[in-house]
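Since the structure comes first, as structure tokens, the remarks are kept for the end.
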Amino acid sequence: MFKIAREELLRKLVLKHHENLLKSQIFYLLPTDKAEMEKLVKPSADFVAEMCGGPSYYTASRRESRMRSLHFSVTIDEKAKEVWFACYKYALKEGNFLFSVLKEFWQWIKSFSIRK
């Protein structure tokens, strides 16, 4: 997926997703300060790029993926989860992705979000 979508487009996707979240019903989960938001977006974009087959930016800086433990302090109920997904859908629509990339990314993001 990384080779087709390209790193720049994946990073824009993550940024747009976060911008959409700031305009959503769950805006309170994110920092409103621009510098704080950039600190949040960069590792998220590193993670997405790596999980889509790109360079190991995330694991090189964090050593391991700890998404679940990093987010324990944030309660995301089913309603918030649906808003989170909707914000990704809007970001994907605006991203000019090929259909094959959209489908693969959506399958990955849905499976990634499953709670155990």
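The values are calculated or read from the model by the stated rules, or taken from the named source; none is laboratory data. The model shown is predicted, which means the values in this text are computed figures rather than measured ones. Glycine also receives a Cβ, built like all others from the backbone with ideal geometry; neighbour counts cover every protein chain displayed.
Yes/no matrix, rows are residues, columns are (1) at pLDDT below 90; (2) out of contact with any Lys or Arg (no Cβ under 6 Å at 6 or more places or on another chain); (3) of a type in the set (D, E, K, R):
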{"site": "ASP46", "(1), (2), (3)": "no, yes, yes"}
{"site": "GLY54", "(1), (2), (3)": "no, yes, no"}
{"site": "SER65", "(1), (2), (3)": "yes, yes, no"}
{"site": "ARG68", "(1), (2), (3)": "yes, yes, yes"}
{"site": "THR75", "(1), (2), (3)": "yes, yes, no"}
{"site": "GLU78", "(1), (2), (3)": "yes, yes, yes"}
{"site": "TRP84", "(1), (2), (3)": "no, yes, no"}
{"site": "LEU102", "(1), (2), (3)": "yes, yes, no"}
{"site": "LYS110", "(1), (2), (3)": "yes, yes, yes"}
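Which members of the range 8-24 meet the condition of being in contact with a helix residue (DSSP H, G or I) (Cβ under 7 Å, 6 or more places away or on another chain), over 14 Å from PHE97 (Cα atoms) and outside any loop (DSSP other than H, G, I, E, B)? Result: LEU15, HIS17, HIS18, ASN20, LEU21. In the range 92-104, the residues that are over 18 Å from ASN20 (Cα atoms) form Cβ pairs under 8 Å with partners that are in a helix (DSSP H, G or I) and β-branched (Val, Ile, Thr), at six or more places apart or across chains, as follows: LEU98/ILE4; SER100/ILE4; VAL101/ILE4.
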